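Below: the structure, in structure tokens.
Rule-based calculations on the coordinates, nothing more; no lab input. What you are looking at is a predicted structure, and each value in this text was computed from that prediction instead of being measured. FYI the Cβ positions are ideal-geometry reconstructions off the backbone, even for glycines, and counts take in every protein chain you see.
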Ligand code: PLP
């Protein structure tokens, strides 16, 4: 019997590099044949063979309501009938900007764009333009999209700037990007001591979903906030993944509870605010935004920015997630998934730990939660890969790489969580054989 996924993968590889339009989809980290998805509904996806999966990727975060939510579908269908794209302002863009601002007190204005990459890249340009400085700090293991200046790994020592992680990025382009270890207070102190007057911004994933799930510790965020204020640098929260995913007020609301007076200077959003359509945003104060074109000299633009169908999808999604009790229910479900997985692993005698916030979760084949990139990469990859395939074979679709987060949607039921934990118990038992 031929597997249609395999047939499609071979056909795709002839015309699309590696057969995919974004590398992680190719299953290179875990091996095997990527599933070609034919359709999705609620918490499920079906592949080209008709096999059903409980979906814990949710398009890498956007599908917080699950697939095909009726209110979102209706809004998108209505908007599509009115026109796909105008290249002129629309009322819906104002509504979406107002909705985002209403939920995130640190923001007075937003600019809508089409991808998280674009939003992150624009936020850096704005930070540089507003401060008149060149240097930026990022943390190893945090992903902020694939803009040249952000595709950087740590140099050989703290005093050195980073090296490109991609061919095609000249060393000169990343010479102003300093890459530090996540959650390392001594390094951030030293970086500001050495370069404080030249640092335009510090960019961080507050809960790093690109390291599976690693929280920036509260004292770490607090200290970066203080150092930025002291040295006139801007603190950029990349909430493309965490935004409206971990809490209605995003990750910054979680840190604001723990750190009195805390707010990032610039926030970057994507994923959930588009509800599955190409839409992202960066937001900040009016004072900083006045540097952005057409008001100021920092250029930024986009043919499809604020697209009318995407904004309809985003607005309908935000309306649903703002309903009372939404995050409480989502967080409880996600917690029950992580604790179920942890108990099943323990029962099988497998070192395992997990964590979650709102509808975002992660787990590691390790005794304790890693605090930075090298620790994440030191967890048991071989076990993760076998577990991933064990779950996929049992109809559960987890992220196909040990450094990627997972997502639960409002459409997942307790029965879906229970079925997932039951599948995990079998997959863990196989691992310990
Ligand atoms: N920032 C973070 C934290 C992300 O997780 C991602 C993508 O996963 C991006 C930025 C880039 O977003 P996009 O893939 O929409 O360009």
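Could you work out the helix-only [θ] at 222 nm for the chain, with each DSSP H run of four or more residues adding -39,500 (n - 2.57) and the total divided by the number of residues, to the nearest 500 deg cm²/dmol?
When only DSSP H runs of four or more count, the value is -12000 deg cm²/dmol.
I'd like the FRET efficiency for residue 343 and residue 382, computed as 1/(1 + (r/R0)^6) with the beta carbon distance as r and R0 of 25 Å, rounded to 0.05.
0.65
Sort out for me the Cα centre separation of the stretch 39-98 from the stretch 184-246, rounded to whole Å.
32
Pick from 416, 265, 367: which is most flexible by mean-square fluctuation in a GNM of the chain where alpha carbon atoms under 10 Å apart are linked?
Of 416, 265, 367, the Gaussian network model singles out 367 as fluctuating most.
Work out, step by step, the length gained on full extension between residue 22 and residue 86: first 0.36 nm times the residue separation, then minus their alpha carbon distance; give nm to one decimal. All intermediate terms of the calculation are to be shown ahead of the outcome.
Details: separation 64, 0.36 × 64 = 23.04 nm, distance 2.78 nm.
Length gained between residue 22 and residue 86: 20.3 nm.
Hey, in the GNM for the chain with a 10 angstrom Cα cutoff, which one of 209, 362, 325 fluctuates hardest?
Largest GNM mean-square fluctuation: 325.
So if each residue of separation counts as 0.36 nm, and I subtract the Cα-Cα distance between residue 148 and residue 165, what length gain in nm does that give?
5.2 nm
Mean-square fluctuation check for the chain, GNM, Cα pairs under 10 Å: which of 308, 62, 70 is largest?
Fluctuation is largest for 70.
What FRET efficiency, computed as 1/(1 + (r/R0)^6) with R0 = 41 Å and r the Cβ-Cβ distance, is obtained for residue 295 and residue 13, rounded to the nearest 0.05?
With R0 = 41 Å, the Cβ-Cβ based efficiency is 0.30.
Length gain on complete extension for the stretch residue 77 to residue 230, per 0.36 nm per residue less the alpha carbon to alpha carbon distance?
Additional length available on full extension: 50.1 nm.
Can you figure out the FRET efficiency of residue 429 with residue 39, using R₀ = 30 Å and their beta-carbon distance, to the nearest 0.05? Please list the in-between numbers first.
Values: r = 32 Å, r/R0 = 1.06.
Here the calculated transfer efficiency is 0.40.
For the stretch 70-321, what's the relative contact order in percent, using C-alpha pairs closer than 8 Å and at least 6 residues apart?
Dividing the mean separation by the residue count of the stretch 70-321 yields 29 percent.
What does the C-alpha gyration tensor say about the overall shape of the stretch 332-433? Classify as rounded when a/c is under 1.5, otherwise prolate if a/b is larger than b/c, or oblate.
Cα axes put the stretch 332-433 in the oblate bin.
When only C-alpha pairs under 8 Å and at least 6 residues apart count, what is the relative contact order of the stretch 194-264, in percent? Mind dumping the intermediate values first?
Working: 84 pairs, mean separation 24.2, N = 71.
Across the stretch 194-264, relative contact order equals 34 percent.
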